[in-house]
Amino acid sequence: QLTDSLESTLKNLRGQGTLTEENVADSLREVRRAFLEADVSFNVTRDFVKAVKEKAMGKEVLTSVTPGQQIVKIIHDELVQVMGGETKELALAGKPPVGIMMVGLQGSGKTTFAAKISLYLRSKRKKKPLLVAADVYRPAAIKQLQVLGKSIGIPVYDEGEGNPVEIIQHGYEYAEKNGFDVVIYDTAGRLQIDEKLMQELEKARDAVHPEEILFVADAMIGQEAVNVAQTFFERLNFTGVCLSKMDGDARGGAALSIKKITGVPICFIGVGEKPNEIDLFHPDRMASRILGMGDVVSLVEKAQSVIDERDAKDLKKKILNNTFDLDDFLRQLRTIKKLGRLKDILGLIPGLNKLPLDKINEKEMVYVEAVLSSMTPKERKHPNLINGSRKARIAKGSGTDAARVNQVLRQFEEMKEMFKKIGSIAKKQNGGNPVG
Ligand code: GDP
Ligand code: MG
């Protein structure tokens, strides 16, 4: 979706035919905006833009693509590469029990991820994990892990409020004695970087030498991500990153900043509070999310200048309630023509990139409009009235044929289906503003 939308913006740029300083600069301005929208750190954004610029300017222009397509590809590829290229799996090959230590600020999602990862390893990697409750500073934290562990049937080792380094050591020994092959240590966090905490984590690490130390960050962390990640990295040399709360509005720019600053791959993302709401991190998807969101913002701005406020609200309601009819279809079609290609508009909405958008193109739209205009208002309200003889009349009136009329009706059904999806995405995003 990123590719389509950025591409279409770029197609309209002046100076087609070569990658000029000017059209490169134009597209990089878009990228910079998308990055800052996504909370990528300033320095990382600057470096990224610089790298893309160098790559783009050094490039021969391919005759088969437009400069726009070419630069979009450069941007996308660079972003995927910076983000780590491929998905990282946890290293579990060591002598069991293999240790995984969760570290990060308070509230970042360590306890939740400990449970999620244990469940993931049991179901996807056929492991037998033990959870160790070593956050002794908040009594509720032990309870929280116990409740989570119980809900997924994974045992939790705890000693109440003891010494966290000893608990971790004992947890390891317990796992070894009782045939667990993975042991996941949930540790305490602080609201800010704290010397005492860092020392304690270092001691714990040196006591059990975990194979993986996973730094957990809240995807909403924004510009601070860099400092926090850098400090944890300097002190603990973490081996992987987990990004929580990707189900919210976060655009995930922290992922890019943390990866770029530490070079450590991102392993997992959290997409909800429940133990099964975890996904492997996919660099290409994240690239689209980071860039794509910037486009949605510009789409909304663009759309708002064309669709008046009331019309937009009305449409949103109809989409959400699934009462969108052929009359609305016609009205939107006319609005969308002012906005640009329908495919681009729909392609901008996250989550819709897998739909068969290619079926609706600009040429088609001329027929669609003709067919819709030849229907009576009653037919547009109640498309199931349209029988064979009505179809023939509509075809004649619009200068098309029955097959074309059928096709329009089918496209309408597909569009409704699409809007149903937009509706549910918008509901999830709570306050998302679909513009059709
Ligand atoms: P910790 O202090 O680092 O252990 O953080 P917690 O695991 O206790 O998480 C803090 C809060 O964020 C809790 O209310 C979790 O339920 C919530 N949380 C954690 N991960 C996610 C996630 O991926 N999505 C959502 N929506 N909430 C999350
Ligand atoms: Mg916790």
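The values are calculated or read from the model by the stated rules, or taken from the named source; none is laboratory data. Not measured: the values here are computed from a predicted model. Reconstructed Cβ throughout: ideal geometry from the backbone, glycine too, with neighbour counts over all protein chains shown.
Laid out as a table, the results:
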quantity: Residue check, residue 243 under 21 Å from residue 210 (Cβ atoms), within 15 Å of ligand 1 (Cβ to nearest atom), modelled with pLDDT under 90 and not acidic (Asp, Glu); calculated: no
quantity: Boolean, residue 384 is among the polar types (S, T, N, Q), in contact with a helix residue (DSSP H, G or I) (Cβ under 8 Å, 6 or more places away or on another chain) and in the same structural domain as residue 330 (by TED's automatic domain parsing); calculated: no
quantity: Residue in segment 5-19 that is more than 30 Å from residue 126 (Cα to Cα), in a helix (DSSP H, G or I) and modelled with pLDDT of 75 or more present; calculated: no
quantity: Every residue from segment 120-169 that is buried (at least 17 other Cβ atoms within 10 Å of the Cβ) and of a type in the set (Gly, Ala, Ser); calculated: 133, 134, 141, 149
quantity: Given (1) loosely packed, with under 15 Cβ neighbours inside 10 Å; (2) on the phi < 0 side of the Ramachandran plot, number of the condition residue 172 does not satisfy; calculated: (1)
quantity: Meets criteria (farther than 18 Å from residue 238 by Cβ, crowded, with 16+ Cβ neighbours inside 10 Å and within 14 Å of ligand 1 (Cβ to nearest atom)) for residue 105; calculated: no
quantity: Among the residues listed as 156, 183, the single one being within 13 Å of ligand 2 (Cβ to nearest atom), in contact with a Gly (Cβ under 7 Å, 6 or more places away or on another chain), assigned by TED's automatic domain parsing to the domain that holds residue 215 and of a type in the set (Val, Ile, Thr); calculated: 156
quantity: Filtered residues of segment 91-102 (kept if in contact with a Phe, Trp or Tyr (Cβ under 9 Å, 6 or more places away or on another chain) and crowded, with 21+ Cβ neighbours inside 10 Å); calculated: 97, 99, 100, 101, 102
quantity: Subset of segment 141-197 [touching a Leu at 6+ places or on another chain (Cβ under 8 Å), among the small types (Gly, Ala, Ser) and within 16 Å of ligand 1 (Cβ to nearest atom)]; calculated: 149, 188, 189
quantity: Residue check for residue 295: at pLDDT below 90 and more than 22 Å from residue 124 (Cα to Cα); calculated: yes
